[in-house]
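The values are calculated or read from the model by the stated rules, or taken from the named source; none is laboratory data. Remember, predicted model here, so these are calculated numbers, not experimental data. Quick reminder, even Gly has a Cβ in these numbers, built from the backbone with ideal geometry, and neighbours come from all protein chains shown. SASA here: full protein model, heavy atoms, side chains in, ligands and nucleic acids out. Shrake-Rupley method; radii C 1.70, N 1.55, O 1.52, S 1.80 Å.
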Amino acid sequence: MEPIKQHTGLVYPLNRTNVDTDQIIPKQFLKRISRQGFGQYLFYNWRYDEKDNLRSDFSLNSPKYKTASILVGGENFGCGSSREHAPWALEDFGFKVIIAPSFADIFFNNCTKNGILPVVLPETEIQQLIKNAETDTYQLTVDLEANKVTDLTSFEASFHLAEYPRQMLLNGWDEISVTLTHQDKIATFERKHTVY
Amino acid sequence: MTNPKTIIEKIWEKNVVFEEPGKPALLYIDLHLVHEVTSPQAFEGLRMKNRTVRQPKLTFATMDHNVPTVHTNIIKDEVSKLQMDTLKQNCEEFGVPLAGMGHKHQGIVHVIGPELGLTQPGKTIVCGDSHTSTHGAFGALAFGIGTSEVEHVLATQTIWQARPKTLNVKVDGQLGTGVTAKDIILALIAKYGVNFGTGYVIEYTGNAIRKLSMEERMTICNMSIEAGARAGLVSPDQTTVDFLKGRKYAPEGTLFEQAKQEWLELASDQGAEYNHTVTLNASEIAPQVTWGTNPSQCISVNDKIPNPNTAKNAGDQQAIEQALQYMGLEADIPITSVPIEHVFIGSCTNSRLRDLEQAASVINGRKVNENVTAIVVPGSQTVKLQAEEKGLDKVFIEAGFEWREPGCSMCLAMNDDIVPAGERCASTSNRNFEGRQGTNARTHLVSPEMAAAAALAGHFVDVRSFV
Ligand code: SF4
């Protein structure tokens, strides 16, 4: 996966709590057997009407957010189904960073395995970012080396990401290759471990 | 005596391959369950890097999400068919056992694991599916993973995990007649919200949990993820042991006796400490019905639909308004006055033999309301066969329910079992998210008994007075 050290991009505000992975990518698109091409179906039921036409009343369809690469959302972002198609769709659509007050565990993991940086910030700061991005075109810089989010003027916030996923993202490591360096430990463990 | 430990700590210590301070541990996986939707990209990843499946014997695959529940020999949807064929090819190529279409053990992955005895106390179990928490009912540490992690487990039989925090959910008190395990878990999520379990592994304790059958414990553990917890479990006891005895993949003879001893010793010790504890009194619970678009938006059957103007804060107010609008509901009306058009009895939450028996027991010679389409989808071929041996299929069919082939079906509507836009379904599944059962479909989560009663009445009714 591509390493992510620092990212500057346009912010798309999604002021909703409990955005679930069924919303991020509905099940009718999970039948494909490749990892690519899911971006077109992102938030499908919000972005398209019954006749599969783009809805003008859903904010992500506005030209203003066309090049957005940072999504700011509400608490418990990515709850529900474990489908990794959700981060695949976000990534394919162009999102590199998701900022929210809290994330569902499986979704959070899935992001870090796909080069998407999930950033947790307090609710008050999220509300400020959402307001800024709703009123104007708004850019943020997210710096994973310094654990900081800044805008072009006065906003600055620190965030914390556990060291393991942080290093994975910074270095773009293939996790399986890392684990396979411990093969002998796994083999030793298997020799004394019983599975009925 | 050594420090008292929770079952979660005991399983953890048993399965950690190695651990360095401040880093996640490498945890050994004892059972990896696989289905057609979240595995193709993982097998493809192995192929691209010339890797193999480390322990095919600890891996077991089935087909459930995509499968048709009528005419199972013809799969009309080409894309679905390709996904199922891909799983078959992958299993053949990598030597993974498969209960695919036409196999006598095919069924929903979380139904077949337990019924085949693959699911056992103390095992670490993963699957590319968030409802893997179901297997926790046996005192297993079972959680859902993404496809990258599926690939990782296939290749290494391990996963990197941070030591989980423990949450004790203590349910005491006597459950009333007509009130079920489903109502316990819905009431719990209604009380504490959809993310009180995030970052934790839940252990369900208390005398109300002890009295439950294995099927009922599975219903509760199944929905741990709806509380945000990746895993939820119940310490094993005699009920667990009795359920497993004689199952296809359970140990036999003296090995069973040895396993039984180990299983019972895994139970949390008296005085073990948890990071956090919440409680619920089972005697205060009434049958539950969700009214909104997440499982915490749930009320007792005798309550009225909430009014956004009485919400605690602006965020909640907005969430209630959005949910009412999507659900096409008015505030302040009794939930029992809401008519329904569909009933779905099935899913990994409530499609086991006992669930179907309970639902059938409500029927009492009555017929499905003329405005309602009701389907019953057994969780597995085994459940279907057992139910038919007991004549349940006839009871349902005579009342006007459709009796289908096993699969996930209308729980996520990936096959043809879809609730049409704007229509309303009483469902025994676990998620009432927007669009879950079909684009703009409206889902109300209930117990099997409540679903059967709603099918007969044409609207929600309190099953306790519906005799
Ligand atoms: S029945 Fe529903 S929740 Fe369960 S595994 Fe199938 S789709 Fe998922």
Per the rule of 0.36 nm per residue minus the C-alpha distance, extending A:W173 to A:H160 adds in nm 2.7 nm
The A/B contact buries a total accessible area, at probe radius 1.4 Å and rounded to the nearest 100 Å², of 5000
Quick calc, B:R210 & B:N3: beta-carbon distance into FRET formula, R0 22 Å, rounding 0.05, result 0.40
Gyration tensor on Cα atoms of region A:1-141, a ≥ b ≥ c root eigenvalues, a/c under 1.5 rounded, else prolate if a/b beats b/c, else oblate, says rounded
Counting only protein heavy atoms and rolling a 1.4 Å probe, one gets per residue an accessible area for the protein assembly as shown in Å² of 37
Here the residues of region B:1-34 lying in the modelled label zone of B:K49, meaning backbone nitrogen under 15 Å from a point 7 Å along Cα-to-Cβ, are none
Percent antiparallel among DSSP beta bridges confined to the protein assembly as shown, rounded to 5, stands at 30
Here the longest stretch of chain A that holds no GluC sites (Glu not before Pro) in a DSSP loop having at most 15 other beta carbon atoms within 10 Å is A:51-144
Taking a straight Cα-to-Cα line shorter than 15 Å from B:K81, and setting aside same-chain aspartates and glutamates fewer than 8 residues away, one finds B:E36, B:D64, B:D416
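Once the Cβ-Cβ distance between B:S283 and B:T336 is put in as r, and R0 is 25 Å, what FRET efficiency do you end up with, to the nearest 0.05? Display every interim value, and only then the final one.
On the way: r = 22 Å, r/R0 = 0.89.
Plugging the Cβ-Cβ distance into 1/(1 + (r/R0)^6) gives 0.65.
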The orientation-averaged projected area of the Cα convex hull of region B:180-317, in nm², is 10.3
Which of B:K88/B:K390; A:K31/B:K367; A:K27/B:K88; A:K27/B:K390 exceed 27 Å between C-alpha atoms? The answer is B:K88/B:K390; A:K31/B:K367; A:K27/B:K390
Counting other chain Cβ atoms within 10 Å of each Cβ in A:101-111 and taking the mean gives 5
Straight-line reach check, B:K5, cutoff 12 Å on alpha carbons, 8 or more apart in-chain or any other chain, hits among aspartates and glutamates -> B:E13, B:E265, B:D269, B:E273
Rounded to a whole number, the mean other protein chain Cβ count within 10 angstrom for residues of B:358-371 is 0
Given B:244-251, A:112-119, the highest-first ranking by average Cβ count within 10 Å works out to A:112-119, B:244-251
With the label point 7 Å along the Cα-to-beta-carbon line of A:T67 and a cut-off under 11 Å to each amide N, the hits in region A:74-102 are none
Taking 0.36 nm per residue of separation between B:Q238 and B:A314 and subtracting their Cα-Cα distance, the length gained on full extension comes to 22.5 nm
Descending packing, highest mean Cβ count within 10 Å first, for B:322-329, B:81-88 is B:81-88, B:322-329
Using a 1.4 Å probe on heavy atoms of the protein chains only, the accessible area for A:K96 in Å², nearest 10, reads 70
Percent antiparallel among DSSP beta bridges confined to region A:6-192, rounded to 5, stands at 50
For B:K248, the lysines lying under 19 Å Cα to Cα, once residues fewer than eight places off in the same chain are dropped, come out as B:K57, B:K104, B:K123, B:K260, B:K384
Rounded to the nearest 10 Å², the accessible area of A:W173 using a 1.4 Å probe with every protein chain kept is 120
With all protein chains present, region B:104-166 has a carbon and sulfur share of its accessible area (1.4 Å probe) in percent of 51
Probe 1.4 Å, all chains present, heavy atoms only: B:E389 accessible area in Å², nearest 10, is 140
Expected integer from the mean partner chain Cβ neighbour count at 10 Å over B:317-326 is 1
Given B:135-144, B:331-340, B:415-424, the highest-first ranking by average Cβ count within 10 Å works out to B:135-144, B:415-424, B:331-340
